[in-house]
1. Determine whether A112 is of a type in the set (G, A, S) and touching a Leu at 6+ places or on another chain (Cβ under 7 Å).
2. Under the condition of being free of Cβ contacts under 8 Å to residues at least 40 places away in the same chain and in a loop (DSSP other than H, G, I, E, B), which residue from segment 143-166 is farthest from E37 (Cα to Cα)?
3. Six or more apart or on different chains, Cβ under 8 Å: which pairs go from a residue in segment 28-40 that's open to solvent by 80 Å² or more (accessible area, probe 1.4 Å) to one that's in a loop (DSSP other than H, G, I, E, B)? Could you list them?
4. Taking only pairs six or more apart or across chains, which ones have beta-carbon atoms under 6 Å, a first residue in segment 73-88 that is over 16 Å from A54 (Cβ atoms) and open to solvent by 30 Å² or more (accessible area, probe 1.4 Å), and a second residue that is in a loop (DSSP other than H, G, I, E, B) and modelled with pLDDT under 90?
5. Could you tell me whether segment 95-103 includes any residue that is of a type in the set (A, V, I, L, M, F, W, C) and open to solvent by 70 Å² or more (accessible area, probe 1.4 Å)?
6. Restricted to segment 70-102, and to residues that are assigned to a strand (DSSP E or B) and either within 19 Å of the chain's Cα centre (by Cα) or among the β-branched types (V, I, T) (or both), which residue is nearest to A113 (Cα to Cα)?
7. Given the condition closer than 30 Å to A54 by Cβ and open to solvent by 70 Å² or more (accessible area, probe 1.4 Å), answer yes or no: does some residue in segment 123-132 qualify?
8. What residue, among those in segment 109-121 that are part of a strand (DSSP E or B) and open to solvent by 70 Å² or more (accessible area, probe 1.4 Å), is nearest to A30 (Cα to Cα)?
Amino acid sequence: MKNVLIALLALCALSSISGCAEKMYVAKGAEALVYPETHTYQFTVNNSQSQNGAVAINTQLTKIVAQAQQRDHQFRVTYLYSSTQGKRIAQQQIAQLHRQGVSASQYNAHYAAQPKTDLTVELRYFRVLTETCQPEVMGQPIQRRDCFVDTMRMKQVANPQRLIEK
C-alpha cells in the first residue's frame, strides 16, 4: 500500500511538472520575394581626353561592380565593346575581377557592333525583398513570433537564387 501511495504521489508530481498549453503554436514563417535584377550601363570615351575618360570609367565601373558583388556573390557581368577603348576598359575590368578571385563563369566580354557607345556593361544579380515585421504591443498577445528572426535569416543568405524552388 505504501509503494502504491509513493507511486501515485510521484505520478502526480510528474504530471504537475509537465504542464499543458492552451493551443499549439504553428510557425508560419516569413515571406520573401527573390527576383533577378538586371542593370545596363553605357559608356562613351571622349576622344579628346581618352586616357582621363578611360580612368574615370574604370573607377566608376569598379564601384558599380563592387556594389553588385556585395548584394549577390554570384552576380554576372557582361562587357560589350564596340571600340578599342571599350575593349581596353573591358580587359582591365576582367583582369581586376580575376585578381579578386571572381569565378570566370561570372563575367565575359565580347565585341558587339550594335551599341552606339564604346562600352555597354550588363549586370545581373538576385535581390531578396522581405516583409516588414510589425512591432509587438505590450498587453496584447504575440501575433507573429517568427517574423523578425525569419526576415533576418533571409537577409543573411549569401546566394539568394538558391531560395527559389525549381
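The values are calculated or read from the model by the stated rules, or taken from the named source; none is laboratory data. These numbers were taken from a predicted model, which means no experiment stands behind them. Neighbour counts run over all protein chains shown; Cβ positions are idealised from the backbone, glycine included. For the accessible areas, the whole protein counts, side chains as well, though only heavy atoms, and no ligand, DNA or RNA atoms are used. Shrake-Rupley method; radii C 1.70, N 1.55, O 1.52, S 1.80 Å.
1. Answer is yes for this residue.
2. Q143
3. Matching pairs, first to second residue: K28/R144; K28/D146; E31/E131.
4. H73/A158; Q74/N159
5. The answer is no; no qualifying residue exists.
6. T78
7. First pass over segment 123-132, keeping only residues closer than 30 Å to A54 by Cβ: 123-125.
Remaining after also requiring open to solvent by 70 Å² or more (accessible area, probe 1.4 Å): 124.
Among the residues of segment 123-132, at least one is closer than 30 Å to A54 by Cβ and open to solvent by 70 Å² or more (accessible area, probe 1.4 Å), which makes the answer yes.
8. H110
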